[in-house]
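S.K.: First, the structure itself, so that you have it in front of you.
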Amino acid sequence: MTLHGPQPAAFQERRRKVREQLSGAVLFLPETPEALYANDVHYPYRPETNIRYLCGFEEPAALLLTSHGGEEDGFTLCVRPRDEHSEIWTGRRAGVEGARDVYGADHAHTLDKTYEVLLKHLRQASRLYYSYSPDPAVNQKVLAAVHQANLERPRKGGDAIVVAEATPLLAEHRLRKRPEEVELMRTAGRISGEAHARIVETLRPSMTEYQVQAQLEHDFRFGGCTGPAYGSICAGGADATILHYTRNDKALADSELILIDAAGEYGGYCADITRTFPVGASYSKAQAELYDLVLAAQLAAIDAIRPGATIESVHKTAVRVLTQGMLDLGLLQGTLDECIEKNAHQPFYMHNTSHWLGMDVHDAGAYRVGDASRTLEPGMVLTVEPGLYVRANAEVDQRWHGIGIRIEDDVLVTDSGHEILTGSAPKDRADIERVRRRALA
């Protein structure tokens, strides 16, 4: 379990709720293998998120939840065995004993027994919920186990096993955050926001994008995060018009803006913050006009978040404010309704305003239910991140060229409205300019 993550009782409650939906079924989450960086050097291991969600196990493991009333029903983990030689090199393993005693498994086996254990459970099940693996060999082993169990059905009676994707089942549980999850996300947001606030104070012209990245990620880790929640974006000048810019290798000029999309992961939960501010002491007139427009769109979209609203309505609110602002500035031509009907904003704002946030930065959960946009409920956490990106080849006045701005916060839906989890990161333009002038004085 992560150092600051949920306690065992929380995992037990999660498993209980999932098992209530597994009458006669098996839920199987296969092992995520370790990945090599080079030769015998591994990347830091990150378990499959749903395994982490259900038990907090941080080593390679396969997980089964069953509710078929048969032998070894309950919560099963298949894990690496204890191995003195391996543990000298890479650290202590939980082993079969730890899987039971520390992580609460009703039954535990070594990883090499995974598909033998799966087959045993499938013989007693009517349905398999399976999280498909990116490794075709794993999927073949699962299908072979299903095939073997089905071959035995005519002799014992019963229909063939129905195989269903596990992700939607688990996503519905993960979408609504429980109090202990919300508290972890508050902490991730606070630490990450404070790191953003510090870089506003310490950034100097001629620093590099990678130095900005290094300071942010130092502050995430020093504050208690396990590290960045995703690849940090530190984009100066025209690079800010590249949505997922990650090279972070250029020197920063006094006249530029820097767009920083970076945040930490704390206790297994992600923050996600974007701020855009001047490398020098203040925004230019054109930069300020676009910044104020993006901020106005973000504030309006956040204000739209409450139980009963839809995630689509949050996006439409931001688009309407941005479109009217671009008409006022001359970036678009026509009427507001005409521009919205034609999606005239898309050359300058080409992504959605929100995504779910939780254990993954783009977290589990459907955005539509049937033909309708998802209705917001207390416990859901979403980002609000409108932006404007004017590339150098845009057919608009050159004073806008090369300006990229995004402002992003993490927002919890509450019983009465919403709570911003990342408010420690400054975004008011006057406040930012005040800090920047003092920093460069």
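S.K.: Can you pull out the residues in the range 1-49 that are hydroxyl-bearing (Ser, Thr, Tyr), in contact (Cβ under 8 Å) with a residue 12 or more places away in the chain and surrounded by fewer than 15 Cβ atoms within 10 Å (Cβ to Cβ)?
M.R.: Result: 23, 45.
S.K.: Another question, then. For the subset of the range 357-402 comprising residues that are of a type in the set (A, V, I, L, M, F, W, C) and in contact with a His (Cβ under 7 Å, 6 or more places away or on another chain), which member is surrounded by the most Cβ atoms within 10 Å (Cβ to Cβ)?
M.R.: Step by step, filter the range 357-402, then rank; the result is 382.
S.K.: On to the next question. How do the pairs read when you match residues in the range 227-250 that are at pLDDT below 95 with residues anywhere that are among the polar types (S, T, N, Q) and not in a strand (DSSP E or B), using Cβ under 9 Å and keeping only pairs 6 or more apart or on different chains?
M.R.: 246/232
S.K.: Would you check which residues across the range 282-328 are over 30 Å from residue 441 (Cβ atoms) and not in a helix (DSSP H, G or I) and list them?
M.R.: 304, 305, 306, 307, 308, 309, 310
S.K.: What is the residue count in the range 60-80 for residues that are part of a loop (DSSP other than H, G, I, E, B), within 14 Å of residue 109 (Cα to Cα) and within 31 Å of the chain's Cα centre (by Cα)?
M.R.: 2
S.K.: For the range 196-216, name all the residues that are within 17 Å of residue 265 (Cα to Cα) and either in contact with a Cys (Cβ under 9 Å, 6 or more places away or on another chain) or modelled with pLDDT under 95 (or both).
M.R.: Across the range 196-216, the qualifying residues are 213, 216.
S.K.: Can we say residue 394 is small (Gly, Ala, Ser) and outside any loop (DSSP other than H, G, I, E, B)?
M.R.: The answer is no for residue 394.
S.K.: Just to check your reading of the model, which residue among 264, 268 is among the small types (Gly, Ala, Ser), touching a Phe, Trp or Tyr at 6+ places or on another chain (Cβ under 7 Å) and either under 22 Å from residue 193 (Cα atoms) or buried (at least 24 other Cβ atoms within 10 Å of the Cβ) (or both)?
M.R.: Step by step, each of 264, 268 is checked, and only 264 is among the small types (Gly, Ala, Ser), touching a Phe, Trp or Tyr at 6+ places or on another chain (Cβ under 7 Å) and either under 22 Å from residue 193 (Cα atoms) or buried (at least 24 other Cβ atoms within 10 Å of the Cβ) (or both).
S.K.: May I ask you to list the residues in the range 317-358 that are among the aliphatic types (A, V, I, L, M), within 21 Å of residue 240 (Cβ to Cβ) and touching a residue at least 24 places away in the same chain (Cβ under 8 Å)?
M.R.: Scanning the range 317-358 gives 318, 319, 321, 322, 326, 329, 331, 350.
S.K.: With respect to residue 359, determine if the residue is out of contact with any Pro (no Cβ under 8 Å at 6 or more places or on another chain) and over 25 Å from residue 239 (Cβ atoms).
M.R.: Criteria met by residue 359.
S.K.: Follow-up question, since we're still on this one. State yes or no: is residue 52 in the same structural domain as residue 114 (by TED's automatic domain parsing) and surrounded by fewer than 18 Cβ atoms within 10 Å (Cβ to Cβ)?
M.R.: In short, no.
S.K.: I'm trying to understand the selection: among the residues of the range 121-137, which are buried (at least 19 other Cβ atoms within 10 Å of the Cβ) and in a helix (DSSP H, G or I)?
M.R.: 121, 122
S.K.: Still on this structure, please answer the following. Does the range 418-432 hold any residues that are within 12 Å of residue 197 (Cα to Cα), of a type in the set (A, V, I, L, M) and in a loop (DSSP other than H, G, I, E, B), and which are they?
M.R.: 425, the sole residue that qualifies.
The values are calculated or read from the model by the stated rules, or taken from the named source; none is laboratory data. None of these values were measured; they are calculated from a predicted model. All Cβ positions, glycine included, derive from the backbone under ideal geometry; neighbour counts span all protein chains shown.
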